[in-house]
1. Which ones in segment 98-120 are among the charged types (D, E, K, R) and surrounded by 14 or more Cβ atoms within 10 Å (Cβ to Cβ)?
2. Would you check if Asp256 is surrounded by fewer than 16 Cβ atoms within 10 Å (Cβ to Cβ) and closer than 18 Å to Val267 by Cβ?
3. Quick check: anything in segment 22-39 within 25 Å of Ser140 (Cα to Cα), modelled with pLDDT of 90 or more, assigned to a helix (DSSP H, G or I) and not hydrophobic (A, V, I, L, M, F, W, C)?
4. Considering segment 284-299 alone, what residues qualify as being within 30 Å of Pro12 (Cβ to Cβ) and either of a type in the set (Val, Ile, Thr) or free of Cβ contacts under 8 Å to residues at least 40 places away in the same chain (or both)?
5. Taking the condition surrounded by fewer than 22 Cβ atoms within 10 Å (Cβ to Cβ), in contact with a strand residue (DSSP E or B) (Cβ under 9 Å, 6 or more places away or on another chain), modelled with pLDDT of 95 or more and under 25 Å from Gln293 (Cα atoms), does Met175 pass?
6. Can you tell me which of (1) crowded, with 18+ Cβ neighbours inside 10 Å; (2) free of Cβ contacts under 8 Å to residues at least 40 places away in the same chain is the one Gln281 doesn't meet?
7. Of the residues Leu76, Leu84, only one is modelled with pLDDT of 95 or more, surrounded by 15 or more Cβ atoms within 10 Å (Cβ to Cβ), closer than 26 Å to Glu125 by Cα and under 17 Å from the mean Cα position of the chain (by Cα); which?
8. Could we say that Thr43 is closer than 30 Å to Gly147 by Cβ and in contact with a helix residue (DSSP H, G or I) (Cβ under 7 Å, 6 or more places away or on another chain) here?
Amino acid sequence: MFKHFPVEYIEPVFRPPSEAGSLILQVTNGCSWNRCTYCDMYTDAQKKFRPRAEAEVMAEIQRCGESGLEPRRVFLADGDALVLSMRRLKTILNAIKTSLPSVSRVSSYCLPRNLKNKSVEDLQELVAMGLQLIYVGAESGDDEVLGYIDKGETFDTTAEALIKAHQAGIKSSVMVINGIGGRAYSEQHALASARLVNLVQPHYLATLVLTFHRDKQKVIDGYQLNFVELNTMELCHEMDVFIGATELEKTIFRSDHISNHLILKGVLGKDKETMLGQIRQATEYFSQHPEQQRPNYGF
């Protein structure tokens, strides 16, 4: 048995909340785009993007198997493991299957642009080797908002990537940021985001709230106008517009991150009216008790 954990990380390491029990394998360091104005995840000096050396990754996977670990799930970190070539991804997935036969699901963050040069047939190969789920931070479906935050994606590029993944049999978890458009773009952000998810019908959908960790001015400057942050009641209204405009069949929805001001859980669409009722009840409460509205804080 190893005296130390068989994986060495370049910290900080981030993963989706639902991967809390997964083995995290860091196959890249940082994010290949890393220009989104709202994001502080990979800004430390040691998080400059690079694929990790293949030999390092292979050795870690082998050590995990030899150490007696029996994970059911593996998450490929950091920000966009699918930027790697098909050859490298297949090598990693094959090593996981060989050294960690207990693993039933491999998942990864995914930037839509990283699927542009991978065909449906390529992705089907990855599915056959264990890749089951991708987490896509769409943030917004509105091209104007996406431009202001320097996301490097559009409604169309995000939709095309998700549709391709679904055709290959990969499940998707899509994230939208509540409040990312500020007060000026709140309505169009909510409606365009609903159009996006209606088109792609993700398996999972989550919302976070725009939260300033370090450099609020970087976000504000990107809009080139008077950016006004949404308060709790306005965030609830934006959620009302967003959820109200969704036409989803069986998407599991969560807004239970620490950043969310209102916790919502259910399946869209069967729980849509229930959620709208909860949102409107909360909006009414905050309108009567403005002192209960909370600021957006770092987490």
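1. The answer is Arg105, Arg113, Lys118.
2. Values: surrounded by fewer than 16 Cβ atoms within 10 Å (Cβ to Cβ): yes; closer than 18 Å to Val267 by Cβ: yes.
Answer is yes for this residue.
3. no
4. Pro295
5. Criteria met by Met175.
6. Going through the list (1) crowded, with 18+ Cβ neighbours inside 10 Å; (2) free of Cβ contacts under 8 Å to residues at least 40 places away in the same chain, Gln281 breaks only (1).
7. Numbers: Leu84 fails: under 17 Å from the mean Cα position of the chain (by Cα).
None of the other options fit; the residue is Leu76.
8. For Thr43, the condition - closer than 30 Å to Gly147 by Cβ and in contact with a helix residue (DSSP H, G or I) (Cβ under 7 Å, 6 or more places away or on another chain) - is not met.
The values are calculated or read from the model by the stated rules, or taken from the named source; none is laboratory data. Just so we're clear, the structure is a prediction, and the values are computed from it rather than from any experiment. In this analysis, Cβ positions are derived from the backbone assuming ideal geometry, glycine residues included, and neighbour counts consider all displayed protein chains.
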